[in-house]
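What follows is one structure encoded as structure tokens, with my remarks underneath.
The values are calculated or read from the model by the stated rules, or taken from the named source; none is laboratory data. These figures come from a predicted structure and were not determined experimentally. Heads up, the Cβs are rebuilt from the backbone with ideal geometry, glycines too, and the neighbour counts pull from every protein chain shown. For accessibility, only protein heavy atoms count, side chains too; no ligands or nucleic acids. Shrake-Rupley method; radii C 1.70, N 1.55, O 1.52, S 1.80 Å.
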Amino acid sequence: MRILMVAYDNDSYITWFPQGLAYLASAARNAGHEVVVYQQDIFHWPDSHLTEYLDHNYFDVVEVSMIGGYYQYHKLMSLSAAINASQNRKRGGVKYTIGGHGPAAAPEYFLRKTGADVVGIGEGEITFVELMDAFAGKRSLESVDGIAFLDPEGNYIRTKARELIQDIDQIAWPAYDLFDITHYSLLRLPNIKGNERCMPVLSGRGCIFKCNFCYRLDKGFRPRSSQSIIDEIRFLKKEYNIKYIAFSDELLMSSRERTLELCQAFIDAELNIKWDCNGRLNFADLDVLSKMKEAGCVFINYGIESLDDDTLKVMHKGLTRQMIIRGIENTLEVGISPGLNIIYGNINEPLSAIDDAVEFLLKYDDHAQMRTIRPVTPYPGSELFDYAVEHNLLEGVADFYENKHQNSDLLSVNFTQYTDDEVYEALYHANMKLIERYQKVQSEASARICKDLYFNRNASFRGFRQT
């Protein structure tokens, strides 16, 4: 089979490496298929260009993968229209498949909305290869686990759930050579130098926690072995001169033991890299954080979400305000930058939580990143989405995507006891304080550099540049 995988344009100057697509590409190629990547994310071609490309280049299958964001939803609709408009697609010669957390959480809706032939649900490496066999007539669609489709009469069919790959060390690395790594490695992340190239790597799959706003479908956590991770990092260093690794899985800090083991392995392997990760404040003890610092960690992105203890319980965060403050203070003490993610508006969250969040951010944020407070979003597949439907706050998936979820910084559903206007006013004042503080810190840093340049004759100065 000849497969076109679409890396869609997300309107970014430097885009995140599409790891999910790259894993699928590797699995398909290893099964003997030809894979071509359409890099709209880099070249910013209009969607009409994809129609022309499909008309002039024959493919058996077109694959698009999306998460559940408002931008991604509208992008998937426009890409689907472009794919379906191609003459090869109209003649029935091209199969169209979609996947990712967005379509997988509501397969029937996305099948009927996009005109796709199949939605992949869950982990995709084995599913996608078996699906290619079905398209080639070697097996039936019904025999492929982890997909949904419409039969010729338009009836919705969902097959048995795909079992997760337990030994994820056996999964082939992403097909890096099919992508323009020179572009993706230019991504700028906290505490990265101008001459350091960056790439994301998965240290595991899944998460041990069950936050009520999370729409992850696969349950549990499956870590990669330390050696497997080290081998991939060494490959990236050798082939692409990567100096900074962004661990992009949901939770590298899945336990104290796991984190310490991985860090010691990095140290013993003398990797000599910088890295960041997503972390949990439950495990942010000084000994763990000190070992992370020694192993090269420069930034930990924490999902704090709220400083209100009652709201943290509603979220199932497994955190308390006291644990959060202790963990952040420990992180700063060892010299690692903390990413402080806070959202507002979970079920019955008090408006005072916004003021508490601002006070917290002003005290502890080291401004390695600009932070603002966003409303919580009840994505399909999450417990919060089900709550919204049960309490008549949402009519369903169509209502969410077509009417309610218009922007991640605006309310999709108001779960609080306050009016939308009251919530927006509080968010406005809170975020203005955070923006002004961030700009003040940046201005003061520039002033110190300027003073050092002219009064201390700092010859290492490289010029005032936009960052």
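Remarks
- Residue identified as surrounded by 15 or more Cβ atoms within 10 Å (Cβ to Cβ), out of contact with any strand residue (DSSP E or B) (no Cβ under 8 Å at 6 or more places or on another chain) and either over 30 Å from residue 188 (Cβ atoms) or among the aliphatic types (A, V, I, L, M) (or both) among 22, 28: 22
- Count of region 386-401 residues, restricted to those that are part of a helix (DSSP H, G or I), open to solvent by less than 20 Å² (accessible area, probe 1.4 Å) and over 12 Å from residue 347 (Cβ atoms), is 3.
- Residue count for region 67-95 under the criterion of being touching a strand residue (DSSP E or B) at 6+ places or on another chain (Cβ under 8 Å), part of a loop (DSSP other than H, G, I, E, B) and at pLDDT below 95: the result is 0.
- Flag for residue 228 being among the small types (Gly, Ala, Ser), touching a residue at least 40 places away in the same chain (Cβ under 8 Å) and within 26 Å of residue 332 (Cα to Cα): no
- Filtering region 96-141 to residues that are surrounded by fewer than 20 Cβ atoms within 10 Å (Cβ to Cβ), of a type in the set (A, V, I, L, M, F, W, C) and touching a strand residue (DSSP E or B) at 6+ places or on another chain (Cβ under 7 Å) leaves 135, 141.
- Within region 214-231, the residues that satisfy the criterion of being at pLDDT 90 or above and buried (at least 20 other Cβ atoms within 10 Å of the Cβ) are 223, 224, 229.
- Filtered residue count, region 78-91, keeping only those that are aliphatic (A, V, I, L, M) and crowded, with 19+ Cβ neighbours inside 10 Å: 3
- Of note, residue 255 satisfies the criterion of being out of contact with any His (no Cβ under 7 Å at 6 or more places or on another chain) and open to solvent by 20 Å² or more (accessible area, probe 1.4 Å).
Table: residues versus (1) touching a Gly at 6+ places or on another chain (Cβ under 6 Å); (2) more than 26 Å from residue 175 (Cβ to Cβ); (3) not hydrophobic (A, V, I, L, M, F, W, C).
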site	(1), (2), (3)
63	no, no, yes
69	no, no, yes
75	no, no, yes
91	no, yes, yes
113	no, yes, yes
140	no, yes, yes
144	no, no, no
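- Residue check for residue 261: part of a loop (DSSP other than H, G, I, E, B) and open to solvent by 10 Å² or more (accessible area, probe 1.4 Å): no
- For region 356-380, filtered to residues that are open to solvent by less than 50 Å² (accessible area, probe 1.4 Å), at pLDDT 95 or above and in contact with a Phe, Trp or Tyr (Cβ under 8 Å, 6 or more places away or on another chain), the residue that is farthest from residue 420 (Cα to Cα) is 380.
- Residues (assigned to a helix (DSSP H, G or I) and surrounded by fewer than 16 Cβ atoms within 10 Å (Cβ to Cβ)) located in region 336-355: 352, 355
- From the list 317, 274, 291, the lone residue that is open to solvent by less than 40 Å² (accessible area, probe 1.4 Å), charged (D, E, K, R) and in contact (Cβ under 8 Å) with a residue 12 or more places away in the chain is 317.
- The condition of being over 21 Å from residue 368 (Cβ atoms), open to solvent by 80 Å² or more (accessible area, probe 1.4 Å) and out of contact with any Gly (no Cβ under 9 Å at 6 or more places or on another chain) holds for only one of 426, 459, that being 459.
- Residue check for residue 408: in contact (Cβ under 8 Å) with a residue 12 or more places away in the chain, surrounded by fewer than 18 Cβ atoms within 10 Å (Cβ to Cβ), small (Gly, Ala, Ser) and not in a helix (DSSP H, G or I): yes
- Unmet requirement for residue 67, which otherwise passes all of (1) open to solvent by less than 40 Å² (accessible area, probe 1.4 Å); (2) under 26 Å from residue 397 (Cβ atoms): (1)
- Pair list, Cβ under 9 Å, 6 or more apart: region 60-85 residue more than 22 Å from residue 2 (Cβ to Cβ) and of a type in the set (S, T, N, Q), other residue open to solvent by 10 Å² or more (accessible area, probe 1.4 Å) and assigned to a helix (DSSP H, G or I): 78/47
- Close pairs from region 155-181: first open to solvent by 80 Å² or more (accessible area, probe 1.4 Å), partner of a type outside the set (Phe, Trp, Tyr) and outside any loop (DSSP other than H, G, I, E, B), Cβ under 6 Å, at least 6 apart: 158/148; 173/232
- Scan region 232-252 for residues that are outside any helix (DSSP H, G or I) and open to solvent by 40 Å² or more (accessible area, probe 1.4 Å) and the total you get is 3.
- Residue in region 389-411 that is modelled with pLDDT of 95 or more, within 27 Å of residue 73 (Cβ to Cβ), hydroxyl-bearing (Ser, Thr, Tyr) and out of contact with any helix residue (DSSP H, G or I) (no Cβ under 7 Å at 6 or more places or on another chain) present: no
- As a summary of the residue check, residue 75 satisfies the conditions (1) out of contact with any helix residue (DSSP H, G or I) (no Cβ under 8 Å at 6 or more places or on another chain); (2) surrounded by fewer than 15 Cβ atoms within 10 Å (Cβ to Cβ) except for the one numbered (2).
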